[in-house]
Amino acid sequence: MTIVLRDIRDAWDDYLTTEVATTVSPVVPAGPATMNPGELGTFLVIVQNAGDPTGVPLVSLRYHFAEMDGAGGAKYVVPGAAAGQARLTNNSAAAVLAVGTLVDSMFFFPTVTTLAVGGITSLINVQVKAVSLGAVTMKIHVHAAPDQAFLFPSLAGKNGEESFDIV
């Protein structure tokens, strides 16, 4: 069997794209039924990993709050420290952003960084602040690594055998 190592990376990228579902709830305005510039809204992010038989446990899970699209303007509000830590880059050694900071994008490193096969996790009460009028589209996905012990378990190979006589 011929394996091109690059295929493993591509397969993992495909898995995260097609088998791990990230859902963002509608934004709930703090005030009446609409968001106005200067106001906060709250939303929920739900991540569900694929179940058996195709699922692979996730490790080093982190959320990527990508720059928003649209004619309007809004910024993410860095979540509270109890849920994890936010950074501007996907580097766990990068400086931690202060809670409540307004950002265009961020990587959020949750306190729980694993997700089992078929597992569901969420970030609740995430906030966004409206800056200017117009429609805005949030783009949020996850970055994760496969659990290597699951993919490459330490298995026993075939025994070598030889018979002999005792006389």
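The values are calculated or read from the model by the stated rules, or taken from the named source; none is laboratory data. Please read all numbers here as calculations on a predicted model, not as lab measurements. Cβ sites come from the backbone with ideal geometry, for glycine too, and all protein chains shown count toward neighbours. These accessible areas exclude ligands, DNA and RNA; they are computed on the full protein's heavy atoms, side chains included. Shrake-Rupley method; radii C 1.70, N 1.55, O 1.52, S 1.80 Å.
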* **Environment charge of Met106, counting only residues whose C-beta is closer than 14 Å and scoring Lys/Arg +1, Asp/Glu -1** => +3
* Structure fact -> Checked against the positive end of the charge dipole of the chain (+1 on Cβ of Lys and Arg, -1 on Cβ of Asp and Glu, about the Cα centre), the farthest of Ser92, Val27, Asn159 is Val27
* Structure fact -> From DSSP H assignment alone, runs of 4+ in the chain each adding -39500 (n - 2.57), the sum over residues rounded to the nearest 500 puts [θ] at 222 nm at -3000 deg cm²/dmol
* To two decimal places, what compactness ratio does the chain give when its Cα radius of gyration is scaled by 2.2 N^0.38 Å? -> 1.43
* Asked: Sorted by packing (mean other beta-carbon atoms within 10 Å per residue), highest first, where do 160-166, 69-75 land?
  -> 69-75, 160-166
* How much net charge surrounds Lys75 when only the other residues with a Cβ under 11 Å from the Cβ of Lys75 are counted, with Lys and Arg +1 and Asp and Glu -1? -> -1
* **Heavy-atom surface of the stretch 30-159, accessible at 1.4 Å and reported per residue (Å²)** => 54
* In whole Å and largest first, what semi-axes does the C-alpha gyration tensor of the stretch 124-167 yield when each eigenvalue is scaled by 5 and square-rooted? -> 64, 9, 5
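Percent of accessible area on the stretch 1-82 owned by carbon and sulfur, 1.4 Å probe? Intermediate results must be reported in sequence, preceding the final value.
Numbers: 2720 of 4730 Å².
Carbon with sulfur: 57 percent of the solvent-accessible area.
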* Asked: Excluding Gln127 itself, what net charge comes from residues whose Cβ is under 12 Å from its Cβ, given Lys and Arg +1 and Asp and Glu -1?
  -> +1
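For the stretch 1-159, give the magnitude of the charge dipole about the Cα centre (Cβ charges: +1 Lys/Arg, -1 Asp/Glu; no others), in debye to the nearest 20.
320
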* Would you list which aspartates and glutamates come within 12 Å of Lys139, measuring only between C-alpha atoms, while excluding same-chain residues fewer than 8 positions from it? => Glu67, Asp69, Asp104
* To do: Would you please put 27-39, 45-57 in order of how densely packed they are, using the mean number of other Cβ atoms within 10 angstrom per residue and starting with the highest?
  => 45-57, 27-39
